[in-house]
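The values are calculated or read from the model by the stated rules, or taken from the named source; none is laboratory data. Small disclaimer: the values here were computed from a predicted structure and weren't measured. We place every Cβ from the backbone using ideal geometry, glycine too, and count neighbours over all the protein chains shown. Heavy atoms of the whole protein, side chains included, go into the accessibility calculation; ligands, DNA and RNA do not. Shrake-Rupley method; radii C 1.70, N 1.55, O 1.52, S 1.80 Å.
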Amino acid sequence: MRDRLEGFRVRRYLVALAILLVATPSAAIEQTLENGLRVILIPHRANPMVASAVVVGAGVVDEPQDASGASHFLEHLLFDGTETRSQRQLYDDADRMGAYNNATTREDHTLFTLLVAKEHAEEGLALQADMLFHSTIPEENFEKERKIVLEELARDRADPSYDLEAAFRAMAYAGTPIARPVLGTEASLAAIKRPQVFAYYKARYVPGNMTLVVMGDFEVKEMQSAIARTFGAARTGPPPPALAGRWPAPPKENVAVAPAEKEPTRLLAAFPFESAPWDDTTAAAEILLAAASEGKDSPLLRALNARGVTDHSPSLGVEPRRLPWSTVVLDTRVDAGVDPKAVLDAFAEAIRSTRPGGEARTRIDRVLSKTASDAAIARDQIHYFAMLRSSAILGSPKDALADETARLAALGPADWDAASSRLIAGLPLIRARISGPGLAAHRLSFTPPAEASAPAEARPASRAGSLPNGLSYVVRQSTDSDVFAMHVAFVPRAAAEPAGQEGMTDLLHRTMARATIVHDPAALEARLAALGARVKVVDDPSVPFDDYYTTPEFSWLRLEVPASQWREAVTLLAEMVRFPALTGEAIDEARRDMKERVTRRDGSPREVAGSALDGLLAPGSPLTKPVYGTEASLASITQETLTAYHAAFAVGRRAIVTVIGPVESGAVVQALAADFGPLPAGPALAPTVPPRPSPGISPVEVKLGKSQAYLALGMVLDVAPGDRPALTIAVAMLSDRLAFDLRETKGLAYSIGASIRPWGGRTRFDVAMGTRPENLDEAQAGIVGGMRAFREASPKQADVDRTINLARGAALMRRMTRISLAYEAGMEAMRGQAPGDERRFVDALREVRAEDVKRVAILYLDPDRLAVAVVR
């Protein structure tokens, strides 16, 4: 249930979004309750939702050395029961409200997030306060929760990057608490005792060591009263004393070289940045580092290229933590055989480009302009607001969140100079680690080179139709947001790829995003930045909540831009589709990125299990083709074959364009006709044959040898349209019961869930579970037995109603942003639904009765029809 957003894998996404989310939608109202709790209220009435985030000063930096992982372990335990609620009641009460209730542990704090419809706001606050202040840390759940955390650790260790990043952290942060992993280690988790965790809970979970941020649709006085009745009732407790700490001097041999079995060669480097996360100096440093590293013409890439190091999209930014533990981190993937000192020399040059007169200073306005524009898009996402700045909340001065746009605009030469001085002063403290194939383990010394001398008629709000070339469109005017969102889908995807050249569509999309025959990479990036436009053509697999609709069925492009810039942004997106620069350099760059993704996929138990199950359910179908291809298929794609594929792919009959935004719909249709109308029509499309409904299928087993095994079970169904709402609720109830039995009761998994989704014209049912290899037989028996018991049981209407609220809440959360609505409209068009069908489906969930759930469970959820894929 509890997601994790920690470690290097999501750093790029979080740092980028933290910079984007600089505008507070409304003024922040602050108060400190009598018990010491700091409260920040931010009204934001775009959606009838309320997000409550509690930042607790409990992280790795606060843990005793003999209790590494205690903060994260405790985060799990707080979902296990309070003085007045059992664990089951905590889950049921959240589900009854349709709330999203989650938590994540970071190195310097723990964050608890609750998102709920506004009518349930006080109930949600009461639930959250109960967990935080009245948990009992039940002894009977302690060992079960230890097993779940070990499962989570096993899952993370199965990721090929885990050991590499852990080794870097241990080396670069040696002698500090942040050298220890957030989850702890197998040894530390095995040694932790309940009295240690309980004492830690009582010491750190006090109002004076917390900040509550509430954002959403509420009246301030009513919310203040609700908080007083819930969080205000907590007993006052003394805040824990601040822990002293200081950075040790780096070792003389400050660069570690280590072998790795597979590509890419990766270099990570860091040095301390001793500034508070909320300080103006930190804000200025983040802008300066973005100016020094972002874009094809950035000082960092120029410095790397000048030293013969190939551009592999390096990441450079501040990782903010409580004093004194913030760091500046460089993360780059380089060619085998590169001298690490050359990379570090380029790193030092980029840092020094932030000084007065340096090249980064000339790019500050560009970064600030993009930041301000992107903030309008980010305002839709109230549940991310506190998450992405949580390190900067504890201890920050009053009104730190009041007007961040004005704060950035007020930064001046003194702030840039102070930030640059601190960045440059940190360079001598650098520590780095490079790993890759063919390297021999050893240490070497690096000293930054000496610095050179400084230099009037009513119009319809919605339109749907097609252009003469066959392109289908749905355009809806929505005046409740300043965001113009556009989704372009190309159908089919995998079925269109030539045999033996799987992954060609993804390769094409990556080259589309890089450059056009009109704009080279630097010019295209600069133009998008000037417009404040965000264009995505592929998902980011390093972010768990981003890679959610990569599919063999269709490919896509997404555009989000402030409405004031919509017209030029549409033209630029059409240019990317129609005239991509399919050069050998662009193809090789995209191929490198995909090769890394293929390596990660082939080493992931979850993805290998899912692929194996696809093959069982639809043998030979395009739905089973690997979206990212294989090493062999990627190697076979040439510039000539990709150019020919683009000519057949980017055509009108295969395109579905959906737009949601405040622009008049007729004007948008005219723009589509002008910019996308010239696409050739292309041949008529042959329908893709849907997979057949599942009979009994023999299981398949794959041996991967990872620390975590994986079970994937599923079947293909023909579902009557009228049964879809009831089956959705039935599967959600089944998923909850399986999770509670196999995870919460038996501790067999970190994650388990059942789901249904459209798949190739039919409906697919899945159950997926990660567990350690020794638990596989018990886990599979538990799933099958749980399904049988669910079919035989007669659900209570109260449980059905709770699940309905949960499902509707999740569906409404997915629809909060304009781009999500544009995606939904595109899926309706692709599946032949009428505009608004998905919203009507969400509303139909409220009509589901207990007898409907019983009927569809017996009709559809037959465990004897499950196909089973096992990865050991």
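Counting only protein heavy atoms and a 1.4 Å probe, segment 230-322 has 42 square angstrom of accessible area per residue. A simple spin-label model places the labels of MET816 and ARG872 4.4 nm from each other, with each point 7 Å out along Cα-to-Cβ. In percent, rounded to a whole number, the relative contact order of segment 618-707 is 37, using alpha-carbon pairs under 8 Å and six or more apart. A cut-off of 5 Å between modelled amide H atoms, ignoring neighbours fewer than 5 places along the same chain, links GLY532 with no other residue. As a test, work out the antiparallel percent of DSSP beta bridges whose residues both lie in the chain, rounded to the nearest 5. Here the share of antiparallel DSSP bridges comes out near 80 percent.
Modelled label positions at ASP335 and ALA170, each set 7 Å beyond Cα in the direction of Cβ, lie 3.2 nm from each other. Taken about its Cα centre, segment 225-357 carries a charge dipole of about 500 debye when Lys and Arg each add +1 at the Cβ and Asp and Glu each add -1 at the Cβ.
Residue farthest toward the positive end of the dipole of the chain, with Cβ of Lys/Arg at +1 and Asp/Glu at -1: which of SER604, GLY426, PRO241? Highest projection toward the positive end goes to SER604. Which residue, LEU323, GLY358, ALA342, has the largest displacement toward the positive end of the dipole of segment 296-360 when charges sit on each Cβ (Lys, Arg +1; Asp, Glu -1)? Value: LEU323.
Take every pair of alpha-carbon atoms less than 8 Å apart whose residues are at least six positions apart; their mean separation over the length of segment 315-444 yields a relative contact order of 28 percent.
Figure legend: label point modelled 7 angstrom from the Cα of ALA798 along Cα→Cβ; no residues of segment 130-174 have amide N under 18 Å from it. Accessible surface area normalised per residue over segment 744-872 is 41 Å², counting heavy atoms of protein chains with a 1.4 Å rolling probe.
Legend: distances between Cα atoms for LYS144/LYS262; LYS536/LYS706; LYS296/LYS370; LYS341/LYS706; pairs beyond 26 Å are LYS144/LYS262; LYS536/LYS706; LYS341/LYS706.
For segment 542-650, what relative contact order do you get, as a whole percent, if you take Cα pairs closer than 8 Å and at least 6 residues apart? Mind dumping the intermediate values first?
Numbers: 38 pairs, mean separation 41.9, N = 109.
Taking the mean separation of contacting Cα pairs over the length of segment 542-650, I get 38 percent.
Here r is the Cβ-Cβ distance between PHE579 and ASP297 and R0 is 22 Å; the resulting FRET efficiency, rounded to 0.05, is 0.55.
3J(HN,Hα) along segment 655-665: 9, 10, 10, 10, 9, 10, x, x, 7, 4, 5 Hz, from the Karplus curve 6.51 cos²θ - 1.76 cosθ + 1.60 with θ = phi - 60°, whole Hz, x for Gly and Pro. Lysines near LYS118 by alpha-carbon distance under 17 Å, same-chain residues fewer than 8 away left out - which ones? Output for LYS118: LYS221.
If you place +1 on the Cβ of every Lys and Arg, -1 on the Cβ of every Asp and Glu, and leave all else neutral, what size is the dipole of the chain about its Cα centre, to the nearest 20 Debye? Can you show the working numbers first?
On the way: 101 positive and 110 negative charges, 90 e Å.
About 440 debye.
Anisotropy class assigned to segment 819-872 is oblate, per the alpha carbon gyration tensor with a/c at or over the 1.5 cut-off and a/b no larger than b/c.
Could you check how much of the accessible area of the chain is carbon and sulfur, as a whole percent, using a 1.4 Å probe?
53 percent
Give me the number: length gained by fully extending GLU261 to ALA46, i.e. 0.36 nm times residue separation minus the C-alpha to C-alpha distance, one decimal in nm. Full-extension gain reported as 72.4 nm. Across the options VAL868, VAL518, VAL842, the greatest Cα extent toward the positive end of the charge dipole of the chain (unit charges at beta carbon of Lys, Arg, Asp, Glu) belongs to VAL868.
Dipole magnitude for segment 66-107: computed about the Cα centre from +1 point charges on Lys and Arg Cβ and -1 point charges on Asp and Glu Cβ, it is near 140 debye.
Exactly which GluC sites (Glu not before Pro) in segment 159-247 are in a DSSP loop and have at most 15 other Cβ atoms within 10 Å? Don't skip to the answer; put the middle values down first.
Working: sites: GLU165, GLU186, GLU219, GLU222; in loops: GLU219.
In loop regions of segment 159-247 (DSSP not H, G, I, E or B), the sparsely surrounded GluC sites (Glu not before Pro) are GLU219.
For segment 640-740, the list of GluC sites (Glu not before Pro) that fall in a loop by DSSP and count at most 16 other C-beta atoms within 10 angstrom reads GLU664. Label point of ALA789 set 7 angstrom out along Cα-Cβ; within segment 147-170, no amide nitrogen lies under 16 Å from it. Listed values for segment 731-744 are Karplus-derived 3J(HN,Hα) couplings in whole Hz (6.51 cos²θ - 1.76 cosθ + 1.60, θ = phi - 60°), namely 5, 5, 5, 4, 4, 4, 5, 5, 5, 5, 6, 8, 9, 6, and x replaces Gly and Pro. Over segment 651-725, accessible surface divided per residue gives 44 Å², non-protein components excluded, 1.4 Å probe.
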